1. Take the residues in region 28-54 that are among the polar types (S, T, N, Q) and not in a loop (DSSP other than H, G, I, E, B), then tell me which one is modelled with the highest pLDDT.
2. Here's a check for you: in region 66-82, which residue that is under 26 Å from Ala17 (Cα atoms) and more than 12 Å from the chain's Cα centre (by Cα) is surrounded by the fewest Cβ atoms within 10 Å (Cβ to Cβ)?
3. Determine the pairs where a residue that is closer than 11 Å to Met1 by Cα and in contact (Cβ under 8 Å) with a residue 60 or more places away in the chain, located within region 64-90, has a partner that is charged (D, E, K, R) and surrounded by fewer than 16 Cβ atoms within 10 Å (Cβ to Cβ) with Cβ atoms under 6 Å apart, the partner being 6 or more residues away or on another chain.
4. Please go through region 1-49 and pick out each residue that is of a type in the set (Ser, Thr, Tyr) and loosely packed, with under 13 Cβ neighbours inside 10 Å.
5. Of the residues that sit in region 13-27 and are among the polar types (S, T, N, Q) and either part of a helix (DSSP H, G or I) or in contact (Cβ under 8 Å) with a residue 12 or more places away in the chain (or both), which one is farthest from Thr61 (Cα to Cα)?
6. Go through the residues of region 4-12 one by one and say whether even a single one is in a strand (DSSP E or B), under 16 Å from Ile77 (Cβ atoms) and free of Cβ contacts under 8 Å to residues at least 60 places away in the same chain.
7. Can you name the residue in region 55-72 that is among the hydroxyl-bearing types (Ser, Thr, Tyr) and not in a strand (DSSP E or B) and, of all such residues, is farthest from Leu44 (Cα to Cα)?
8. For region 75-94, which positions are within 15 Å of Asn39 (Cα to Cα) and not in a strand (DSSP E or B)?
Amino acid sequence: MIDITETAAQKVKEIMADNNKENSYLRVYVAGVGCSGPNFGMALDESKTTDDNVIEAHGVTIVADKKFAYYLEDAVIDYVESEHGSGFEIKTSFQSDCGSCCSGCRG
């Protein structure tokens, strides 16, 4: 369903430690879907439900509502650093031909 790189997992663990939330889960959710595909969000969550898929990877427990499984299939959470900045990104197989919601793709 969803995976996390070692780099991203280490960063998540650092954030959890800095915020005294070592026992939290990393919740991944779909924040919206447009013509360019789904927009994802992440948050630290102290609870999980029976409606969640639970994935353990590199010492991080990832939870996501089962209703989002379609969008998160083969997804990978990574942490990237470049000259433009750093941050988390979620890569999925969902790609759009138009690239943005500019109405030009009529999608």
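1. Once the filter is applied, the top-ranked residue is Asn53.
2. Going through the qualifying residues, I end up with Ser82.
3. Val76/Lys91
4. If the condition is that a residue be of a type in the set (Ser, Thr, Tyr) and loosely packed, with under 13 Cβ neighbours inside 10 Å, then Ser47, Thr49 are the ones that fit.
5. In this case the residue turns out to be Asn19.
6. No, the conditions are met nowhere in region 4-12.
7. Among those that are among the hydroxyl-bearing types (Ser, Thr, Tyr) and not in a strand (DSSP E or B), it is Tyr70.
8. Thr92, Ser93, Phe94
The values are calculated or read from the model by the stated rules, or taken from the named source; none is laboratory data. No experiment lies behind these values; they were computed from the predicted model shown. Backbone-built Cβ (ideal geometry, glycine too); neighbour counts: all protein chains shown.
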